[in-house]
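The values are calculated or read from the model by the stated rules, or taken from the named source; none is laboratory data. All values derive from a computational prediction rather than experimental measurement. With ideal geometry, Cβ positions are generated from the backbone for all residues, glycine too; neighbour counts draw on all protein chains shown. Side chains included, ligands, DNA and RNA excluded: accessible areas come from the protein's heavy atoms. Shrake-Rupley method; radii C 1.70, N 1.55, O 1.52, S 1.80 Å.
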Amino acid sequence: MPAAGAGGERRPLLARRPRAPGQWRRAAAAAAAVLLVAALERAAFFGVSANLVLYLNSASLHWDGPQASRAALVFLGASYLLAPAGGWLADAYLGRARAVALSLLLYLAASSLLPATAFRDGRRALCGQVPAAPLGPACREPACAPAAPAPACAPAVYCGLLLLALAASSVRSNLTAFGADQVMDLGRHASRRFFNWLYWSINVGAVLSLLVVAFIQQNIDFLLGYSITVGCVGLAFFIFLFATPIFITKPPTGSQVSSMLKLAFQNCCPHLQHRHSVRDPQGAQLLPDQRSPQPGPSPQEDIANFQVLVKILPVMVTLVPYWMVYFQMQSTYVLQGLHLRIPNIFPDVPANSSMALGAQGSGYKIPEAWLLLANVVVVLILVPMKDHLLDPLLLRHKLLPSALQKMALGMFFGFASVLVAGGLEMERLQYIHRNQTVSQQIGKDVYYAAPLSIWWQIPQYLLIGISEIFASIPGLEFAYSEAPRSMQSAIMGIFFCLSGVGSLLGSSLVALLSLPRGWLYCPKDFGNINNCRMDLYFFLLASIQAATALLFIWIAGRYERVAQSPASQSCPSRDRG
């Protein structure tokens with residue numbers, strides 16, 4: 001074999017089977033179709049999630065701030081937590097191509113439920129009569145309401161969000177691995193580049209959604225905004241069907257989830273397994289080559305794959321607190337931004353115009369969700385720079401850090417983001433305690449905000465964007481490349497599932513701190529958060545992230561030492577993709 005040089009195994013992989021120009025063009029066209037579908041699906045997803053807190057907190061449904069934040073975190077968490085189900089269905093029964101197509105069809109049906117709650121007749125049909133409870137200023141008098149009202153239309157909203165989450169999670173877990181399958185024969189270097197451009201594409205979809213859909217939702221109409229998300233999903237579905245003839249599709253090879261669970265049971269409860277073997281001795285004493293052949297992986301392959309899974313899981317589990325921090329940008333960061341001064345898009349609109357509704361700074365407001373653009377723009381700029389400049393430069397000098405080292409660096413930037421958010425919240429509450437608030441019209445509702453500009457939130461969004469480059473993209477690469485080939489969909493599903501666990505843990509923490517005497521207990525604010533101590537919540541998240549980052553560094557170091565050992569490198573059973 002020729003020497004690989006700085007490129008490691010990449011050049012032999014590319015040189016071992018030369019590709020005809022037609023095959024390269026097919027791979028490029030298939031990958032491009034997958035990237036376009038991913039961009040449209042992410043546009044729809046951000047169209048639902050970016051302004052979800054604002055929608056639930058608006059005059060249509062009247063949820064209070066913590067209730068809306070919890071719903072957003074539950075939706076985001078479920079959209080990742082359910083990913084293993086989609087991966088298991090693809091591996092066991094459907095295959096990745098069919099799983100993606102059916103998931104997009106479910107996505108299309110489920111995304112139609114939110115527009116139905118956005119207009120009066122649809123809301124009445126799904127939810128009954130929604131009581132009026134307009135937003136009001138913070139109240140510190142004993143006569144104020146002692147508790148927040150129950151969220152209106154909660155069963156229909158949560159049902160729609162969970163169906164959307166199921167569809168989105170299945171698309172995410174299968175489309176990622178399916179796209180990597182299209183370029184797998186071109187070598188591992190091509191797979192790494194695909195993951196870079198996949199992340200770039202989904203952020204292009206996010207830009208489209210934030211610039212257009214978020215503006216329409218906040219300033220014009222939620223019904224029109226959510227209808228656009230339905231159109232994005234429909235377009236993605238038809239593009240995927242149209243491109244099916246050029247895709248590399250693989251039939252389902254069977255899921256090893258049952259085998260993995262059985263092996264885990266054997267390791268955890270060997271005494272129960274021994275009793276079962278005594279009750280059913282037939283076949284138990286036979287050697288492997290004496291048993292009748294069974295379809296699917298052999299028991300030896302199951303054991304080897306289980307050993308790989310045991311090594312990978314601790315690495316991915318210690319990334320959970322990072323996801324707790326990451327998902328704040330679509331929940332509590334949004335809630336914080338609604339209570340900072342948001343400028344008008346057209347600042348010269350006269351105060352006595354027909355658009356003025358009695359609140360300071362009326363007119364078309366900068367959509368609060370546009371702050372997510374700071375995160376997205378960082379990704380759009382840094383991914384091409386990393387792919388074309390930084391990675392090749394570090395590779396030539398043999399300084400390219402491993403995926404695990406990049407993930408540790410990403411956790412540090414996530415810690416910095418939530419720490420900055422806590423500092424800004426402390427400053428915002430100083431103005432609130434001095435009764436220096438301004439009222440501002442956002443959509444049809446009035447919020448009472450500190451006179452601090454919303455642009456002060458940009459650093460925390462930028463830091464989250466940088467953390468994505470170093471934590472999420474290498475995390476995807478790690479999950480795909482380290483998984484046994486027969487378990488790639490399942491491992492990708494587990495990776496996304498643990499992301500959802502982080503979001504749900506963040507939601508549970510918000511719920512816990514929203515109990516009486518908790519830091520986020522502020523029922524007297526009537527939709528505002530000016531009696532809450534959200535700064536303490538941010539600092540608690542920062543502490544959790546810092547502690548688990550140290551644990552991650554230790555676990556990652558052990559993993560890399562084991563992976564570099566001669567015994568691990570000579571093991572032929574890993575069969576990575």
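Residues in the range 100-123: is at least one outside any helix (DSSP H, G or I), at pLDDT below 80 and more than 30 Å from Met492 (Cβ to Cβ)?
yes
Cβ contacts < 6 Å: first residue among the hydroxyl-bearing types (Ser, Thr, Tyr), restricted to the range 401-413; second residue surrounded by fewer than 20 Cβ atoms within 10 Å (Cβ to Cβ), any location; separation 6+ or different chain. Result?
From residues that are among the hydroxyl-bearing types (Ser, Thr, Tyr), there are no pairs.
For Tyr431, state whether it is of a type in the set (Phe, Trp, Tyr), open to solvent by 10 Å² or more (accessible area, probe 1.4 Å) and at pLDDT below 85.
When the stated conditions are applied, Tyr431 does not pass them.
Can you name every residue in the range 38-47 that is closer than 19 Å to Gln218 by Cβ and either open to solvent by 10 Å² or more (accessible area, probe 1.4 Å) or assigned to a loop (DSSP other than H, G, I, E, B) (or both)?
Across the range 38-47, the qualifying residue is only Phe46.
Among the residues of the range 182-197, is there at least one that is open to solvent by 10 Å² or more (accessible area, probe 1.4 Å) and closer than 17 Å to Val377 by Cα?
Yes: one or more hits.
Name, by its number, the condition in (1) crowded, with 21+ Cβ neighbours inside 10 Å; (2) assigned to a helix (DSSP H, G or I); (3) at pLDDT 75 or above that does not hold for Leu371.
(3)
Name, by its number, the condition in (1) at pLDDT below 80; (2) open to solvent by less than 40 Å² (accessible area, probe 1.4 Å) that does not hold for Pro350.
Condition not satisfied by Pro350: (2).
Please determine whether any residue of the range 446-457 is more than 15 Å from the chain's Cα centre (by Cα), at pLDDT below 80 and assigned to a strand (DSSP E or B).
yes
Considering only the range 454-474, state which residues are in contact (Cβ under 8 Å) with a residue 60 or more places away in the chain and not β-branched (Val, Ile, Thr).
Hits for the range 454-474 are Trp456, Gln457, Gln460, Tyr461, Leu462, Gly465, Ser467, Glu468, Phe470, Ala471, Ser472, Pro474.
Restricting attention to the range 198-218, which residues are more than 18 Å from the chain's Cα centre (by Cα) and open to solvent by less than 10 Å² (accessible area, probe 1.4 Å)?
Correct list: Val213, Ala214, Gln217, Gln218.
I need every pair where a residue in the range 80-107 that is farther than 13 Å from Phe178 by Cβ has its Cβ under 7 Å from the Cβ of a residue that is open to solvent by less than 60 Å² (accessible area, probe 1.4 Å) and β-branched (Val, Ile, Thr), sequence separation at least 6 or different chains.
Leu81/Val501; Pro84/Ile494; Trp88/Val257; Tyr107/Val171; Tyr107/Val233
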